[in-house]
Structures are given as structure tokens and as C-alpha cells.
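Structure first, commentary second.
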Amino acid sequence: MTSTANLPDPIARADERIGFDVAGRRVGAGFTLIAGPCTVESRAQTLAVADAVAAEGASMLRGGAYKPRSSPYSFQGLGREGLAILGEARERTGLPIVTELLDVRDLDDVAAVADIVQVGARNMQNYPLLTELGRTDRAVLLKRGLSATLDELVLAAEYVLKEGNERVILCERGIRTHETAYRFTLDLLAVPALKERTHLPVIVDPSHAPGRRDWVEPMSLAAAAAGADGIIVEVHDDPDNAVCDGPQALAASQFAGYAERVRAVAAVAARDVALPV
Ligand code: PEP
Ligand code: MN
């Protein structure tokens, strides 16, 4: 199903672009800088990264407790133990938590800690999962599938909206193309194209497409310049020894300068960084 015929008039919906509140922070009306490790590896690692990004003005903390890994033999996440660590990081820093839900059976556990429940690229078209999230009061971050069109992404979001949950954030994270020089092709045209189609906030993940940390900042600045409502970026206190996605993780020590430059470009694109309201 790829038709947009059954979607509300996009122009009418674009007028509704006022954003929404997530734990006291406005998403969609300012620039939301979400940062944190790919995965929660340990209490010490997660709290170190949380402290570092909180100190430099991140809007929210990311970190997966349930990881969708290409190989079933790779680290799959700490599960409930990871969620508890994220809960502690939230208490300690005040940062709202963004964490992934892989399996609908973990919904209650994840929703108890997450301010925003992430649906990963591989689950974008998991319609029962989206429907269940539509029945919760948690905001949803919906990542574009590896080969999904924008219409398919918007229709996936409709599965959540249709159940009454209006707080959905769309995320461009790179798609599969013929290009093999990097992991995925970051499709930044998705930002203006999605904004034309919907009233929903649109953010960019600049980490997974490059797969390399030196390309993360240029893609972040480009995303901010393109009018993205925010960024979700991977940061680690010791990237060389990260359990997952280390090569693309920004070092926590780099984050201050990075955040400052992203904020400067976001300001040029007239998106002020969201602060607590
Ligand atoms: C992630 O955010 O760590 C992740 C696995 O993302 P994606 O679903 O976009 O691959
Ligand atoms: Mn990752």
C-alpha cells in the first residue's frame, strides 16, 4: 500500500505544525538534539555519556536496551537491566529518554522508562507494533525503513496516529541504494519532502548512514541546514571499545564543539534549540 489518497490534505496538516510537548520539551517547534550511546552497555558507560551530553545542552538521551542486530550472535542489548540504567540516567540528568521497542511483548517495560519509544528501521512496517504504540501515551520516534519510500513512512505513522496517539516523530536514517562507499545513503531531501506531506516533526539520524564518525558532523550540519526539527546522534565515552556502532560514535569529549556548531546552523535555519519550557 503506497497510495497517499487516503491521507488528509498535506497543506492543511502543514498548518498544524506547532510541535508537541515531550516531558516538558517542545519537539517540532525548536531543534531537538538527542544524543547518547547506540546501546546501553553498562551503568558506568551510560551515566558517563548521559552526564557529558546533558552538560552540553542535549535535549534528550538516547540508548537502546533492545537492539536489532543483523547477526543473532551479536550483542542483543541488556534488556530490562538496560531499561533500569536508563531510568537512573533520567533521574540523574533530567533528560527525557529515547529507547527502542523491538517486540510488542516488552511494551509495558519500555513505556515505563521511555519518554519517546523508538521504532527502528527494521520495524517500520511492523503494523501490530505500531498499532499498539498508537494506544499508549508515549511519543513515538519512527525511523524510515531501509528501503521504504516516504509515502510508506507516512502511512506507517498513520498506524500510530489512527489509534489516537498524535505524538509521532519521523526520522530519516539513510536508505539502501546502489552506493557502497558508505553504509546507507542519507536522503536529506526527505526533510522538506516529509514536511510538505505532513505536520509531523522530522528529525535526522546522521550516525548510521556514514558509519564513520568523521562524516557524522557534516551530515548533522546539513540536516540542520535542511530544516530538520532535530538530530538523533550516537555518542560514546570510549568509542574504540564500544560494543555496538563504535566507529560512528562521536567521542563524548567531542560533543561540546559538535553541539555548538549544530546549534549555530540550526539557528541559521531558524530552529532554536529546544529548552525546557
Ligand atoms: C539505532 O538507533 O541504534 C538503530 C539500530 O537504528 P536503525 O533502526 O535506524 O538502524
Ligand atoms: Mn546504532
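Couple of notes before you dig in:
Table: residues versus (1) within 16 Å of ligand 2 (Cβ to nearest atom); (2) under 23 Å from VAL191 (Cα atoms); (3) touching a residue at least 12 places away in the same chain (Cβ under 8 Å); (4) in a loop (DSSP other than H, G, I, E, B).
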| position | (1), (2), (3), (4) |
| --- | --- |
| GLY57 | no, no, yes, yes |
| GLN76 | yes, no, no, yes |
| ALA89 | no, no, yes, no |
| THR99 | yes, yes, yes, no |
| GLU152 | no, yes, yes, no |
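- Inter-residue pairs, beta-carbon under 6 Å, first more than 16 Å from ASP115 (Cβ to Cβ) and in the stretch 63-74, second within 11 Å of ligand 1 (Cβ to nearest atom) and among the hydroxyl-bearing types (Ser, Thr, Tyr), 6+ apart: LYS67/THR39
- Screening GLY19, GLY36 for residues that are modelled with pLDDT under 95, on the phi > 0 side of the Ramachandran plot and in contact with a Lys or Arg (Cβ under 9 Å, 6 or more places away or on another chain) leaves exactly one candidate, GLY19.
- Some residue of the stretch 103-111 being surrounded by fewer than 21 Cβ atoms within 10 Å (Cβ to Cβ), within 16 Å of ligand 1 (Cβ to nearest atom), in contact (Cβ under 8 Å) with a residue 60 or more places away in the chain and outside any strand (DSSP E or B): no
- GLY94 within 15 Å of ligand 2 (Cβ to nearest atom), modelled with pLDDT of 95 or more and touching a helix residue (DSSP H, G or I) at 6+ places or on another chain (Cβ under 8 Å): no
- If you check ARG176, ARG167 for being closer than 16 Å to ARG122 by Cα and basic (Lys, Arg), only one passes: ARG176.
- Residue within the stretch 236-244 that is within 15 Å of ligand 2 (Cβ to nearest atom) and crowded, with 24+ Cβ neighbours inside 10 Å present: yes
- Elements of type strands (runs of 3 or more DSSP E) in the stretch 166-244, at least 2 residues being more than 16 Å from VAL154 (Cβ to Cβ) and within 13 Å of ligand 1 (Cβ to nearest atom): 230-236
- Per the listing ALA111, ALA35, ALA121, ALA65, the residue uniquely of a type outside the set (S, T, N, Q) and more than 15 Å from ligand 2 (Cβ to nearest atom) is ALA111.
The values are calculated or read from the model by the stated rules, or taken from the named source; none is laboratory data. Quick caveat: nothing in here was measured; it's all calculated off a predicted structure. Note: ideal-geometry Cβ built from the backbone for every residue, glycine included; neighbour counts use all protein chains shown.
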